[in-house]
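The values are calculated or read from the model by the stated rules, or taken from the named source; none is laboratory data. From a predicted model like this one, the values you see are computed outputs, not experimental measurements. Here the Cβ is made from the backbone with ideal geometry for all residues, glycine too, and neighbour counts use every protein chain on show.
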Amino acid sequence: MKDALNLAIIGTTVVFASLVLIIICIKIYTAIVAMINNRNNKSINKNNDSDSGKGISVHSTTNVNSSSSLDGLSPELIAVITAAIAACMDSSGAGLQVKSIKRIGHNTPIWNVAGRNEHILSKI
Amino acid sequence: MWQAFVNAITKLASESGFANITYLNLVLISIALVFLYLAIVKNYEPLLLVPIAFGMLIANLPLGGLMNPSLWDDPISFEAILHEGGLLDLLYLGVKLGIYPPLIFLGIGAMTDFGPLIANPKSLLLGAAAQFGIFGTYIGAMALGIFTPQQAGSISIIGGADGPTAIWLTSKLAPELLGPIALAAYSYMALVPIIQPPIMKALTTKKEREVVMQQLRPVSKTEKILFPIIVTIIVVLIIPSAAPLVAMLMLGNLFKECGVVERLSDTAQNALTNIITIFLGLTVGATASADKLSQPGFGLQALSIILLGLIAFSVGTAAGVLFGKVMYKFSGGKINPLIGSAGVSAVPMAARVSQVVGQKANPQNFLLMHAMGPNVAGVIGSAVAAGVLLSILG
């Protein structure tokens, strides 16, 4: 019985230690990737500033952890959102600049949310 | 003339399966039919339960020669198996040698998005906490006194809620219990939506269940590509015995995320996983033969496995939720403890349960992606736990 208890304690400790080590590694490498992305974004911003007014340009101005960052969004998604904005503004898109894309909080009417929830639940 | 005819008919009858069937065969055939009913009519894990139940059925039809349990008695002679073994004996080599479960993990890796876990690495702790079900049940199984440490370790892994991991570890530690353990593991995985919600509700307050978590940050492609490489290096260096499962899981994920091997990713997700699932299910089912059932004490062991499996599952769920409550306190109420229950693996069923229970408390709550973090962390956690058990008990 004592052996069983020892194994349980050792096993739990090893599982926690392994996963904590993975957490630390994720934190480190995501910070490095964010730093590299920031540097790249800054150089893109500089290029965009010199090209401004010539057409649609998209650039992020904040770091990767901010909700306003464009990092992590696929170019296709950014293109679709930009095109949707251009369509809403009834514009050809010339001179349009999307500087950031932010997700906004819940402000949808409750009945719309309930309907959407029901629809999503039927799919999962 | 008439006598010769009667003799021929008598000989045929005595050599038929009807004359050789035992009552234990009939019991197991009935159980196989119940499993087929559950899979086909009730839709309980049909992808696995149909081949498992059919394997069980054909292994208990006498004189078919598809599986010969006597060939697998210690000491095993692989030469005899290759020369005298039936079709299922040959396919069972993939289970015995630990080939199928890692290949299933390759497919699971190719289907899994680790994005929510990378966006919120703390959810790995919930995946670790839920593994307490495994080690807690190990103590319980040993306390019963009817299992060897190897058998207790194999039973406890049911708490990891991961079928391939349970099969992999049991085939190494206690192959004689493979049938009941695999069936218990997959049955409880199918019953996640019934087992988990009462535990989750009992351990949380309404206020805790209503917590709306912050939107996860987007994860870049580079981060997703680096993840499987880094996890493989760390886990294999710490627990080398977990290498087959973790390395294959991460290779599959690398196929998916790197974007340059679409064909390999597609094969791992679909064709390969389906083929291995057929082989695995059929052969695991075929291990539930009448010879095993007639061994003294097997019935008691099988019943204990079913009970301990349920305890393992429940303890794992409770440990995940309780750790979720700790994280709720430390985060100042930003983490919904319901996502802790998803740490038991059972991807993606356990995450769906968190979503459904959370949404009942607060209809505007979307916990699915938040629960996917601990859910996939549970897969890594249970593979690590299996590695620990194998290296200590193996």
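Listing for the model above:
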{"read-out": "Residue in region B:189-203 that is touching an Asp or Glu at 6+ places or on another chain (Cβ under 9 Å) and either in the same structural domain as B:Leu308 (by TED's automatic domain parsing) or part of a loop (DSSP other than H, G, I, E, B) (or both) present", "value": "yes"}
{"read-out": "Helices (runs of 4 or more DSSP H) contained in region B:250-315 and holding at least 3 residues under 30 Å from B:Leu226 (Cβ atoms)", "value": "B:262-267, B:273-286"}
{"read-out": "Residues satisfying the stated conditions in region B:97-117, i.e. within 13 Å of chain A (Cβ to nearest Cβ) and crowded, with 24+ Cβ neighbours inside 10 Å", "value": "B:Phe114, B:Leu117"}
{"read-out": "Residue pairs meeting the criteria (Cβ under 6 Å; at least 6 apart or on separate chains; first more than 7 Å from chain A (Cβ to nearest Cβ), in region B:131-142; second not in a helix (DSSP H, G or I))", "value": "B:Ala141/B:Phe147"}
{"read-out": "Test: residue in region A:51-61 that is modelled with pLDDT of 70 or more and among the charged types (D, E, K, R)", "value": "no"}
{"read-out": "Filtered residues of region B:321-343 (kept if under 26 Å from B:Glu45 (Cβ atoms) and within 13 Å of chain A (Cβ to nearest Cβ))", "value": "B:Gly343"}
{"read-out": "Qualifying residue in region B:101-118 (condition: β-branched (Val, Ile, Thr), touching a Leu at 6+ places or on another chain (Cβ under 7 Å) and farther than 29 Å from A:Ile26 by Cα)", "value": "no"}
{"read-out": "Per-region count, region B:10-23, residues part of a helix (DSSP H, G or I) and modelled with pLDDT under 85", "value": "9"}
{"read-out": "So B:Leu49, is it modelled with pLDDT of 85 or more, aliphatic (A, V, I, L, M), within 26 Å of B:Val388 (Cα to Cα) and not assigned by TED's automatic domain parsing to the domain that holds B:Ala290", "value": "no"}
{"read-out": "Residue, farthest from A:Ile22 (Cα to Cα), within region B:214-240, restricted to residues that are more than 9 Å from chain A (Cβ to nearest Cβ) and crowded, with 19+ Cβ neighbours inside 10 Å", "value": "B:Lys224"}
{"read-out": "Meets criteria (more than 7 Å from chain B (Cβ to nearest Cβ), free of Cβ contacts under 8 Å to residues at least 40 places away in the same chain and surrounded by 12 or more Cβ atoms within 10 Å (Cβ to Cβ)) for A:Ile22", "value": "no"}
{"read-out": "So B:Leu282, is it away from every other protein chain (no Cβ under 11 Å) and modelled with pLDDT of 95 or more", "value": "no"}
{"read-out": "Selection within region B:143-176 - out of contact with any Lys or Arg (no Cβ under 9 Å at 6 or more places or on another chain), surrounded by 24 or more Cβ atoms within 10 Å (Cβ to Cβ) and either farther than 26 Å from B:Gly320 by Cβ or within 12 Å of chain A (Cβ to nearest Cβ) (or both)", "value": "B:Ala152, B:Gly153, B:Ser156, B:Ile157, B:Gly159, B:Gly160"}
{"read-out": "Where B:Ser331 falls short, out of the listed (1) buried (at least 24 other Cβ atoms within 10 Å of the Cβ); (2) of a type in the set (Ser, Thr, Tyr); (3) more than 21 Å from A:Asn117 (Cα to Cα)", "value": "(1)"}
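Let's see how each residue does on (1) within 30 Å of B:Val353 (Cα to Cα); (2) small (Gly, Ala, Ser); (3) at pLDDT 80 or above:
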site	(1), (2), (3)
A:Asn63	no, no, no
A:Ile85	no, no, yes
A:Gly93	no, yes, no
A:Leu96	no, no, no
A:Ile101	no, no, yes
A:Thr108	yes, no, no
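Yes or no, residue by residue, for (1) without any contact (Cβ under 8 Å) to a residue 60 or more places away in the chain; (2) within 30 Å of B:Asp89 (Cα to Cα):
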site	(1), (2)
B:Glu223	no, no
B:Pro228	no, no
B:Pro240	no, yes
B:Lys256	no, no
B:Arg263	yes, no
B:Ala268	no, yes
B:Lys329	yes, no
